[in-house]
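A quick write-up on the structure given underneath.
The values are calculated or read from the model by the stated rules, or taken from the named source; none is laboratory data. Nothing here was measured: the structure is a model prediction, and the numbers come from that model. As a convention, Cβ positions derive from the backbone with ideal geometry for all residues, glycine included, and neighbour counts pool all protein chains shown.
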């Protein structure tokens, strides 16, 4: 991913409230547009970087469970 794209995505959501961030995530998922995937990836990267080891384990368990249901 281009670093400029990453910075642009971060800039676009910096200062957003939790409700606004949730709306952004839900909208991206519901629309299912491929062009939204990089933005979700950047948001996940930020979540991952700031998560505790326990939170990372929980995310991985949730991801594994979700993938089995696909």
Query - Pairs, first in a helix (DSSP H, G or I) in region 7-30, second exposed (fewer than 11 other Cβ atoms within 10 Å of the Cβ), C-beta under 7 Å, six or more apart - result: none
Query raised in the report: Residues in region 47-57: is at least one loosely packed, with under 10 Cβ neighbours inside 10 Å, modelled with pLDDT of 95 or more and part of a loop (DSSP other than H, G, I, E, B)?
Result: yes
Requested in this report: Pull up region 3-24, narrow it to residues that are exposed (fewer than 12 other Cβ atoms within 10 Å of the Cβ) and closer than 16 Å to residue 36 by Cβ, then point me to the one that is farthest from the chain's Cα centre (by Cα).
Outcome: 20
